[in-house]
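The block underneath contains the structure these notes are about, expressed in structure tokens.
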Amino acid sequence: MRPAFSALFLALSLACTINADESVISPFAESTEAPHGRGNLYAPDILMHRGEMLMFFGGQGKDGHDRIHLATSKDGKDWEQAGIVFAPAGVNHVNDPSVIAVAGELFMFYTLAGSGVTDAIGLATSADGRIWSDRGAVFSPSPAPAWDSLLVGRPSVLHDRERFHLWYDGRKDLPPGAPDPDAPKSDSSQRFVGYATSVDGLKWERRKEPVFADDAGGIHVSKAGKNFVMVIEARDGTKWATSMDGISWKSHGLLHAKDDDSPYGHVTPFLIINDESWRLFYGAARAETWDQNSIYSAVLKPPTTIDRTKR
């Protein structure tokens with residue numbers, strides 16, 4: 001599906017040591033300082049485009065609104081921040097980019113909140129990753145009482161030369177005490193992962209039932225040989241699951257644990273897969289409220305449970 005990351009991963013892995021966590025993007029200026037002034041950025045998404053490594057990520061400004069930023073790199077270790085590249089007017093936030101190249105054009109699917117926390121998934125397109133044409137919301141919550149009737153977001157998208165494949169998290173209610181007074185609440189509230197496909201990225205065929213539970217969200221899906229691999233944000237680190245078809249998933253628990261740099265877990269992880277090693281990027285949570293994050297990276301040994309033979 002997604003183009004092979006071999007050239008990208010080679011550049012990334014040359015600068016790293018197995019299992020060494022390192023900070024790669026830290027908050028800067030007012031665009032990512034967040035209202036508390038201690039910085040909040042996360043949701044990295046990386047691809048190679050026209051010989052350049054592009055990292056798109058979300059950052060929360062002093063005004064509380066999230067915007068999508070860009071950083072570039074030649075070696076995967078030193079990143080030059082290019083600032084905000086996507087911030088449509090009149091919305092509460094845009095974040096969680098998933099960017100893929102199709103026929104030379106970049107498609108960015110993102111979380112869109114017009115107001116409050118009632119997220120939908122939007123689409124923007126670009127030739128260079130700097131100037132984007134916004135298409136607005138292309139995937140919205142289902143009608144009630146569906147499992148994803150309140151909000152959908154945190155997209156992860158692959159393309160197989162015929163159609164787009166979308167994994168996302170959604171929910172029908174929020175836990176008691178959530179800050180949105182108008183949203184339905186439930187003691188049993190949790191997130192689920194859903195799946196949909198599209199030929200053009202605009203009109204989607206949605207699977208009615210979720211494909212993964214376990215209160216999973218902030219996910220990223222990639223390929224390792226015959227397997228789909230999903231990494232999942234969690235308060236004890238990054239969890240993971242595998243699937244042969246992208247629909248039936250098997251959970252494997254913790255892939256990479258939190259540490260002193262991420263004492264409250266990993267937010268919206270992103271995984272680059274290579275036969276010899278895996279490169280994980282994630283928001284390192286420095287506060288229990290998950291609103292103080294920097295982007296960290298670690299190189300991991302591939303789990304022995306993965307069948308890496310090609311289809």
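Some notes on this structure:
- Of all residues in region 236-259 being touching a residue at least 40 places away in the same chain (Cβ under 8 Å) and part of a loop (DSSP other than H, G, I, E, B), the one that is farthest from the chain's Cα centre (by Cα): 259
- One residue stands out in region 179-221 among those that are of a type in the set (A, V, I, L, M) and part of a loop (DSSP other than H, G, I, E, B): the one that is farthest from residue 289 (Cα to Cα), namely 199.
- Test: residue in region 51-65 that is touching a Gly at 6+ places or on another chain (Cβ under 7 Å), at pLDDT below 95, of a type outside the set (Ser, Thr, Tyr) and surrounded by fewer than 17 Cβ atoms within 10 Å (Cβ to Cβ): no
- Odd one out for residue 239 among (1) over 23 Å from residue 28 (Cβ atoms); (2) out of contact with any Ser or Thr (no Cβ under 8 Å at 6 or more places or on another chain): (2)
- Of the residues making up region 168-194, those that are of a type outside the set (Gly, Ala, Ser), surrounded by 20 or more Cβ atoms within 10 Å (Cβ to Cβ) and touching a Gly at 6+ places or on another chain (Cβ under 7 Å) are 168, 169, 191, 192.
- Selected residue (only one of 60, 81 is touching a Phe, Trp or Tyr at 6+ places or on another chain (Cβ under 7 Å) and farther than 26 Å from residue 158 by Cβ): 81
- Among (1) touching a residue at least 60 places away in the same chain (Cβ under 8 Å); (2) part of a strand (DSSP E or B); (3) over 16 Å from the mean Cα position of the chain (by Cα), the one test that residue 230 misses: (3)
- Apart from one condition, residue 117 fits all of (1) part of a strand (DSSP E or B); (2) out of contact with any strand residue (DSSP E or B) (no Cβ under 6 Å at 6 or more places or on another chain); the exception is (1).
- Residue that is within 19 Å of the chain's Cα centre (by Cα) and within 26 Å of residue 181 (Cβ to Cβ), where the choices are 85, 94: 94
- Test result for residue 37, at pLDDT 95 or above, out of contact with any Gly (no Cβ under 8 Å at 6 or more places or on another chain) and surrounded by fewer than 13 Cβ atoms within 10 Å (Cβ to Cβ): yes
- For region 73-85, the condition holds for no residue, the condition being that it is surrounded by 14 or more Cβ atoms within 10 Å (Cβ to Cβ), within 23 Å of residue 238 (Cα to Cα), among the aliphatic types (A, V, I, L, M) and modelled with pLDDT of 95 or more.
- On the stretch given as region 272-287, residues that are surrounded by fewer than 22 Cβ atoms within 10 Å (Cβ to Cβ), among the small types (Gly, Ala, Ser) and under 18 Å from residue 77 (Cβ atoms) total 1.
- Region 260-271 - residue that is part of a strand (DSSP E or B) and in contact (Cβ under 8 Å) with a residue 40 or more places away in the chain and, of those, surrounded by the most Cβ atoms within 10 Å (Cβ to Cβ): 268
- Residue match in region 24-44 (condition: charged (D, E, K, R), touching a residue at least 60 places away in the same chain (Cβ under 8 Å) and under 22 Å from residue 279 (Cβ atoms)): no
- Only a single criterion out of (1) surrounded by fewer than 20 Cβ atoms within 10 Å (Cβ to Cβ); (2) more than 17 Å from residue 98 (Cβ to Cβ); (3) not small (Gly, Ala, Ser) is not satisfied by residue 223, namely (2).
- Whichever residue in region 120-153 is farther than 10 Å from residue 171 by Cα and acidic (Asp, Glu) and, among such residues, is surrounded by the most Cβ atoms within 10 Å (Cβ to Cβ): 134
- Selection status of residue 211, in contact with a Leu (Cβ under 9 Å, 6 or more places away or on another chain), β-branched (Val, Ile, Thr) and at pLDDT 95 or above: no
The values are calculated or read from the model by the stated rules, or taken from the named source; none is laboratory data. What you are looking at is a predicted structure, and each value in this text was computed from that prediction instead of being measured. Cβ coordinates were reconstructed from backbone atoms using ideal geometry, including for glycine residues, and neighbour counts include every protein chain displayed.
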